[in-house]
Amino acid sequence: MLVVFGAATAAGSAIACASLIVLIRPWLQRYVLAKPNARSSHQVPTPQGGGIAVVVATIAAAYSASFFASYFLPAGAASAAPPVVLIAAVILMAGVGAMADFRPIDVAPRLLLQTLAVAAVIYALPAELRVLPILPWWAERILLVIGGLWFVNLVNFMDGLDWMTAAEVVPLTAALAAIGFLGILPPQAVVVSLGLCGAMVGFGYFNRPVAKLFLGDVGSLPIGLVLGWLLVLLAGNGGRAAALLLPLYYLADSTITLLRRLGNGERIWQAHRTHFYQRATDRGFTVIDVVGRVFAINLLLAALALLTVLLPGRTAEVGALLAGGAAVGWLLFTFTRGRG
């Protein structure tokens, strides 16, 4: 029954997302074109803003699934509806992204609004939820806001190649839903994970290489916020190793690239093509080569994350983290070396 519930929720979200894209794509084609720039991997103007459909479908699927959750999910699932604060923050983040998609906005107001959305989500977490209990509660929450802000932006930074975000989000959210079915995550996280997973599948049809539609900041920013919220819940419910493993490729690529650019004295907010996955396409890899490898690594990371949940203990966690780190390191090295 859990499989039926999960499949129905994801499928409904995928259908809703694809249907909405069909309706709004002509408008996006006319008014919201992404023109090639220093960061782009595309050569011709392409409509962006598909994230509108992803966000709407995710919210609709999550709320719809919450009505049926008590029949399929563990006890207490009657309160499976996503938190109102999360939905409000997602809408705010989507609004920030929509403004950026229409015309560039200054870094300061953009970061201010993003910080407001992230801080609201962190503030609304259960008071008893602790990710780093060795720290004072207030210090942990400040670090979570800073980390959440970085995570939102790294998801945005990594959305620079056809199918790249789908190759990250689909395995990650599917794994989170599976972990939730094991009772590690609250029902709210399960329905949101399933809704986002399905929505990204529906969007992926239009984003397949060569993409006919991009997410835009209206999609990548709120997706980053939702993923960050889900990972914090996972870490706070005893799955710290799993919460680190699931986004490990995104974390490594973006963080190493940021540190490298800072070391070179570059303006980190300016468009660029120095992420590992971008350099790979400049060194002989096709788009399918890159996203296929990223998808495979994410499947491995998802399996390792599930392993740490099924076999809790220091040995399994350390072993999984070492294996995941080695796999991600190998992929980054492969992208840097290019095709031989």
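Screening Leu331, Leu300, Leu307 for residues that are among the aliphatic types (A, V, I, L, M), over 30 Å from Arg273 (Cα atoms) and in contact (Cβ under 8 Å) with a residue 12 or more places away in the chain leaves exactly one candidate, Leu307. For Pro186, indicate whether it is in contact with a helix residue (DSSP H, G or I) (Cβ under 6 Å, 6 or more places away or on another chain) and surrounded by fewer than 24 Cβ atoms within 10 Å (Cβ to Cβ). Answer is no for this residue.
Looking for something assigned to a loop (DSSP other than H, G, I, E, B) and more than 19 Å from Ala296 (Cα to Cα) - is there at least one such residue anywhere in region 189-204? No - not one qualifying residue is present in region 189-204.
When Gly284 is tested against (1) out of contact with any Ser or Thr (no Cβ under 9 Å at 6 or more places or on another chain); (2) closer than 28 Å to Leu230 by Cβ; (3) surrounded by fewer than 18 Cβ atoms within 10 Å (Cβ to Cβ), only condition (2) is not met.
Those residues that are among the aromatic types (Phe, Trp, Tyr) and out of contact with any Ser or Thr (no Cβ under 8 Å at 6 or more places or on another chain), I need them from region 232-281; list them, please.
Scanning region 232-281 gives Tyr249, Tyr250, Trp269, Tyr277.
Out of Val155, Val145, I need the residue that is of a type in the set (A, V, I, L, M), in a helix (DSSP H, G or I) and buried (at least 23 other Cβ atoms within 10 Å of the Cβ). Which one? None of the others qualify; the one that does is Val155. Contact map, region 20-39: residues that are within 13 Å of Phe214 (Cα to Cα) and at pLDDT below 85 paired with residues that are surrounded by 14 or more Cβ atoms within 10 Å (Cβ to Cβ) and among the charged types (D, E, K, R), Cβ distance under 9 Å, separation 6+ or inter-chain. Pairs shown: Val32/Asp101; Ala34/Asp101. Residues in region 102-149 that are closer than 28 Å to Asp217 by Cα, in contact (Cβ under 8 Å) with a residue 40 or more places away in the chain and hydrophobic (A, V, I, L, M, F, W, C): Phe102, Val107, Ala117, Val118, Val121, Ile122, Ala124, Leu125, Leu144.
Any residue at all in region 263-274 that's surrounded by fewer than 13 Cβ atoms within 10 Å (Cβ to Cβ), part of a helix (DSSP H, G or I) and among the basic types (Lys, Arg)? No, region 263-274 has no match at all.
Using the structure shown, decide if Gly325 is of a type in the set (Gly, Ala, Ser), in a loop (DSSP other than H, G, I, E, B) and either out of contact with any Phe, Trp or Tyr (no Cβ under 9 Å at 6 or more places or on another chain) or loosely packed, with under 11 Cβ neighbours inside 10 Å (or both). Taking the combined requirement at face value, the residue does not satisfy it. Determine, yes or no, whether Phe295 is surrounded by 13 or more Cβ atoms within 10 Å (Cβ to Cβ) and part of a loop (DSSP other than H, G, I, E, B). Against the criterion (surrounded by 13 or more Cβ atoms within 10 Å (Cβ to Cβ) and part of a loop (DSSP other than H, G, I, E, B)), Phe295 does not qualify.
Conditions (1) more than 20 Å from Leu185 (Cα to Cα); (2) hydrophobic (A, V, I, L, M, F, W, C), marked per residue:
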| position | (1), (2) |
| --- | --- |
| Gly50 | yes, no |
| Pro82 | no, no |
| Asp101 | yes, no |
| Ile105 | yes, yes |
| Thr115 | yes, no |
| Pro133 | no, no |
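The values are calculated or read from the model by the stated rules, or taken from the named source; none is laboratory data. In this text the structure is predicted, and so the values were computed from the model without any measurement. Cβ: placed from backbone, ideal geometry, glycine included. Neighbour counts: every protein chain shown.
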